[in-house]
Amino acid sequence: MTIQTVLAPDNRAPKFNLGKPSWSTQLLTNKKFWIVVGGLSVLFLIMGVPFDTVFLIYLIAAILGFIASMIGSQFKAFARLIRNDKVPAYFQQNHDYFKQHLVQNHNFQVDYESVGILVDAQAKRIAFTLDPKVRPQVIVCDFVDVQRWQAYSQGVETQNQYGATRSLISKHYVSVYIRNPEQPRYDFFAADSVDADQWVARLSALLN
C-alpha cells in the first residue's frame, strides 16, 4: 500500500468553516442580550409601564425579528442560486492551499483537478484535498490503491432556526474508494451531472 498522509506545512491552513448560527440564534444565546432585556423590563416597570404593554413591546420585537430573519434567509438563498454557488468558499480555499503545497514541496504535477482531487497522470498519483474528518492534511495515493469510483448527486435543503425552508440546491460529487482502512472513501465536487459523468469516464481511462 502506497498511501501517504501529507500534513499542512504550517498553521495557516484554511479552517473548515462549516457554518455558524444565524444572527438571531447568536443573539438569543447571548447572556448580555438577556441581561439587557431584564434591565429594560425592570426599568419599564419602575417607570410605571403596565406589564401587558411591556409584554406587547417584546412580542412585536420578536415578530419583527422573525420577519427580518426570514427575509435575510431567503435573500442569502437567492444570492447563492444567482451565483450558482456549488462549492463553499472554505472548501475551495482548502483545496487551493494544499494544491500549492503539493506542487511546490512534493513535486506534484497537476494534470486534472476538481475541488477535492488532484491527478498527476505522469507519476500515476492522486491527491485528495478535502479530508472527511476536516483535518489539515491531504491523502496522496498511487493509481493502484484506488478500488472503485462512482458519481452521485444530493439535494441540499437548508432551513433557518424556525424550520422554514431556505433553498434546495442539487450538488454533484464523485466518490473514490481507496485501500485505506482508516478512511476508505473520499469525495470531490463536480460542476454538474455532465461533469460528474466525465470524471467517472476519466478515472476509468486513467486507472483501468
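Miscellaneous remarks
- Only Lys, Arg (+1) and Asp, Glu (-1) charged, at Cβ; the stretch 84-157 dipole about Cα centre in debye: 160
- Across ASP131, ASP52, the residue with the most accessible area heads the list, and the full order at a 1.4 Å probe is ASP52, ASP131.
The values are calculated or read from the model by the stated rules, or taken from the named source; none is laboratory data. Here the structure is a predicted model, which means the values were calculated and not measured. All Cβ positions, even for glycine, are placed from backbone atoms using ideal geometry, and neighbour counts span all protein chains on display. Just the protein is used for accessible areas: all its heavy atoms, side chains included, with ligands, DNA and RNA removed. Shrake-Rupley method; radii C 1.70, N 1.55, O 1.52, S 1.80 Å.
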